[in-house]
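See below for the structure under consideration.
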Amino acid sequence: FPEFLDRAKAVGLSGVNLPFWRNWENSEPALFIVPEILHTCHKFFFDHVLLWCKAIVGAEDLDARFRALHKRIGYRHFAGGVTHINQMTGREHRDIQRTLVAVIAGKVTGGFLKAIRALIDFIYIAQYPRHTQRTISAMEQALQEFHENKQSILDAGARAGKKGVMTHFNIPKLELFHSFARAIKLSGSLLQYTADVSERLLITHCKHTFKATNHRAFWDEQCARILDRQERIRLFDLFTVLRGSDLSLLNEVVSSEDSFITDMLIDSHPEAAWVARILPEARLRGPRLNRNLFATKGSIILDSTTAILLNVTPHQTLGLNETAIQFQLDDLKLALQKYAAGSRPTAPLPRDQQHLDYGFDKIDIWHKFRIQMSSVHHGDVIMPAETVQAFPPTDKSVYGVCDTVLVKDPTSQSTAVDGFQVVQVRLVFRAVPRANTQLAQIFDKPLAYVQYFRFSGKRDQNGLLLEEEDVDMYRLKRHRRTNKTPVGGIIGLTDVARPVEIIPVFGEKCDPRLTSENSLDIWEDYYLNNFSDKEVYAVLLNEYDGLSGEM
């Protein structure tokens, strides 16, 4: 048999002489075996794309760039870099994909960057849960763009193996990419066939249970017995919750269109979805469910697509002067005056607004808030809530820990990206009225002090903002006054459209001063990262406009 395998390999065959479909009449495996996202896309990225970037950028510089990225809650920060990791999970593959394009920009040639960016474009679009002819065409165009620029990878000497530099792209996984469009047209979104679920089950149902065995004889039977006991415990918990609340033991079928329980939750965890619908305050053993802010008391429901939640109890209550000192916001009072007058942050304050009393001296302060949105692909699917941080400066974080968000520009009628503004949230607060005082309506709601970035990229002849060439991202600069201080202003918290990520324009070499604590504060030039997550990717590229069309 080994000799047979060697001969088969010599002529380009796998050596499988008894495929499982051999007795299926009129079957065509090229049609019913669909590409698999985890091992075809993410594994290809780790085995090849990341190695090409490491070879050109250099391990030390590449690690320094990843270490300097701002830390966001819910996203992996590679504090030790990425080049030393020999084995990664699919989640880590995705986290590197999110930032790689912006991280290597400036260090590699334009053609090299285009090729890498086109491959990640392809991987992102291939994971769409819904497709139209427009999205399939975009995916094919991304793959074509890679082929048009792949010579730059070879010219740079990035593709190398054990025997030295390679001059070809004979990679089986790369060849499989050409079957994606046909598979999607025949079988629907590839995301439904991903091996992520089975790989996760391997961890939860095999590896974790094996640790609880004696690691010797009959370990497989012990694993099965452990899983059986866990299931019995879950069912007993469900029974006691229902009986204890005097509820029916019969589950009624519910559509996600009529409730805030998503189809994904109903399909994967029916018991949890059942209890979440009829008894939201109950807690069951098992998977941790995404909190639904749309159904949470105290949430600010902006519309059918967005909800914001602040904790009931604020983290601090301070006077305005104390707040300005602790958060290092010298223009806080001026910003409040301009907000009350309806003036732009860069405009002078009208004289008649300079000495007005707004009915409060103290404010309640929150160091973070949560925002949750429905998916741009499926309006009835609620995405996990994201946390936006606005922590004050401390001895450890001298600039604080403050995230960036996208807000609507009140002076623009555009629905494109340049109709929005990128801001860094420095303070989240609500005015505390003095005794027997009624606040003005503009102050009687949650507010935020933000510092602005401005789009600095080129525009076309019609004034439309253009993405930066090769990297295909919008470029930003921190907005400063003539005295070099950041431009700050007050916005309503409900003006926040969604969290976004910005990445420093590192250039030829990463500045050694940059760290994860200061990279959003001491730098001037940034990219608006459209790969920060798949929802932002679809929004910034406007791919979602055609999702209601025909498949």
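With each label point set 7 Å from Cα along the Cα-Cβ vector, what nm distance links Ala347 and Ser137?
Result: 4.3 nm between the two label points.
Under the definition of Cα pairs under 8 Å and six or more residues apart, what whole-number percent is the relative contact order of segment 359-498?
22
Using a 1.4 Å probe on the protein heavy atoms, what percent of the accessible area of segment 132-177 belongs to carbon and sulfur?
With neighbouring chains kept in place, the figure for segment 132-177 is 49 percent.
Run the numbers on segment 418-494 and let me know its relative contact order in percent, using alpha-carbon pairs under 8 Å that are six or more apart.
Averaging sequence separation for qualifying contacts and normalising by length gives 32 percent for segment 418-494.
Spin-label point model (7 Å from Cα, Cβ direction): what's the Arg216 to Glu231 distance in nm?
It works out to 2.9 nm between the two label points.
What accessible area per residue, rounded to a whole number of Å², is obtained for the chain using a probe radius of 1.4 Å?
54
Ignoring ligands, DNA and RNA, what percent of the 1.4 Å accessible area of segment 10-130 is carbon and sulfur?
The nonpolar share, carbon plus sulfur, comes to 53 percent.
Highest mean first, how do 341-347, 43-49, 434-440, 22-28 rank when packing is the count of other Cβ atoms within 10 Å averaged over residues?
43-49, 341-347, 434-440, 22-28
Report the extension gain between Lys297 and Phe239 in nm, rounded to one decimal, defined as 0.36 nm multiplied by the number of residues separating them, less their alpha carbon distance.
18.2 nm
Provide the FRET efficiency to the nearest 0.05 for the Asp330-Lys163 pair, computing r from the beta carbons and using R0 = 60 Å.
0.45
At 7 Å along Cα-to-Cβ for each site, give me the label-to-label distance between Ile203 and Val398 in nm.
Here the modelled spin labels are 3.8 nm apart.
I need the helices of the chain that pass two filters: whole DSSP H segments spanning 15 Å or more by Cα along the axis, and mean Kyte-Doolittle score no lower than 1.0.
Both cut-offs are met by 110-126.
Hey, if we sort Leu540, Leu154 by accessible area with the 1.4 Å probe, largest down, what's the order?
Leu154, Leu540
Which links in Lys150/Lys477; Lys162/Lys534; Lys114/Lys162; Lys338/Lys396; Lys297/Lys368 stretch past 24 Å when you go from one Cα to the other?
Exceeds cut-off: Lys150/Lys477; Lys162/Lys534; Lys114/Lys162; Lys338/Lys396.
Going by average Cβ neighbours within 10 Å, how do the peptides 485-494, 76-85 rank, with the highest at the top?
485-494, 76-85
The values are calculated or read from the model by the stated rules, or taken from the named source; none is laboratory data. Remember, predicted model here, so these are calculated numbers, not experimental data. Methodologically, a virtual Cβ is constructed for each residue, glycine included, from the backbone with ideal geometry; neighbour enumeration extends over all protein chains shown. To get the accessible areas, we keep the full protein, side chains included, count just its heavy atoms, and leave off ligands, DNA and RNA. Shrake-Rupley method; radii C 1.70, N 1.55, O 1.52, S 1.80 Å.
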